[in-house]
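We did not get these values from a lab; they are worked out from the coordinates using the rules stated. Everything quoted here is computed from the prediction, not taken from an experiment. Cβ: placed from backbone, ideal geometry, glycine included. Neighbour counts: every protein chain shown.
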Amino acid sequence: MKKCQVVLKSGRRRGCSTSSSMITNVRYGECQKNHAANIGGYALDGCREFMASDTEGTTGALTCAACGCHRNFHRREVETEVACEYT
Ligand SMILES: [Zn+2]
């Protein structure tokens with residue numbers, strides 16, 4: 001039995017002929033909210049990664065603990081992991 005693990009970035013998919021399981025991980029990167037938009041400028045808060053300020057299921061889960069911005073302002077990264085087995 002041979003095992004292989006393929007990690008795909010940004011949702012690209014490769015078919016597996018045999019039994020395979022797919023795990024999709026979504027993580028949120030840098031904050032991209034423009035804090036100077038109201039004065040016509042451009043300034044980011046420098047937050048590098050979204051960190052939920054509360055547990056899943058609460059409103060705090062959508063707010064970044066580091067910069068206080070909504071999760072939507074953070075860059076979304078989708079990572080698809082395909083684990084297939086050849087028998
Ligand atoms: Zn922010």
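Give region 53-87 a look and list any residue that's assigned to a strand (DSSP E or B) and more than 29 Å from Gln5 (Cα to Cα), or say none.
Thr63, Cys64, His70
Limited to region 31-52, what total is found for residues that are within 12 Å of the ligand (Cβ to nearest atom) and touching a residue at least 12 places away in the same chain (Cβ under 8 Å)? Before you say what the answer is, go through the steps one by one.
If we filter region 31-52 for residues that are within 12 Å of the ligand (Cβ to nearest atom), which is where we start, we get 31-35, 43-51.
With the extra rule that they be touching a residue at least 12 places away in the same chain (Cβ under 8 Å), the set shrinks to 31-33, 44-51.
Residues that pass the stated criteria total 11.
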